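The structure under discussion appears below in the form of structure tokens.
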Amino acid sequence: MSLRPATSSLRSDDRPSARGHNSTGLSEMSFRKCSGEEAERAWFASLLWRAFPEAQSENDLAERAAEVLTSDRRPVTSRTVRNWLRRENAPHFRYVLKVVALVGAEAVFQIIDPEAE
């Protein structure tokens, strides 16, 4: 795993509005270039952007997602969400399920077959 500076912003291929990208915010080539774990993290980061399309920035998305994903027993901080967006950490499966539920179950097929759309 490569370490990125804490001040790094989203890479252009993470942003849903970047040119040549599908509705998930990632180009097909992004998944092909990634190893298994990196591809999963990239998929989840794009899923977060799809779950909160009204978010204007990484920080805005992190705040919104943290609020929605926090439960009584398991708080989620905006810092944790930013780490997921930057692909520095992988989320626990419970959070993957919550975000998939927000986006829709068809999002699961993106990780199974990245070329299907």
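The values are calculated or read from the model by the stated rules, or taken from the named source; none is laboratory data. All values derive from a computational prediction rather than experimental measurement. FYI the Cβ positions are ideal-geometry reconstructions off the backbone, even for glycines, and counts take in every protein chain you see. SASA here: full protein model, heavy atoms, side chains in, ligands and nucleic acids out. Shrake-Rupley method; radii C 1.70, N 1.55, O 1.52, S 1.80 Å.
Ranked by accessible surface with a 1.4 Å probe, highest first, in what order do R64, R86 come?
Largest accessible area first, the residues go R64, R86.
Among S78, N89, A101, which residue has its Cα furthest toward the positive end of the charge dipole of segment 71-115, with +1 on Lys/Arg Cβ and -1 on Asp/Glu Cβ?
Among S78, N89, A101, the one farthest towards the positive end of the dipole of segment 71-115 is S78.
Using r as the Cβ-Cβ distance of N89 and D113, and R0 as 35 Å, what FRET efficiency do you calculate, to the nearest 0.05?
Once the sixth-power term is evaluated, E becomes 0.90.
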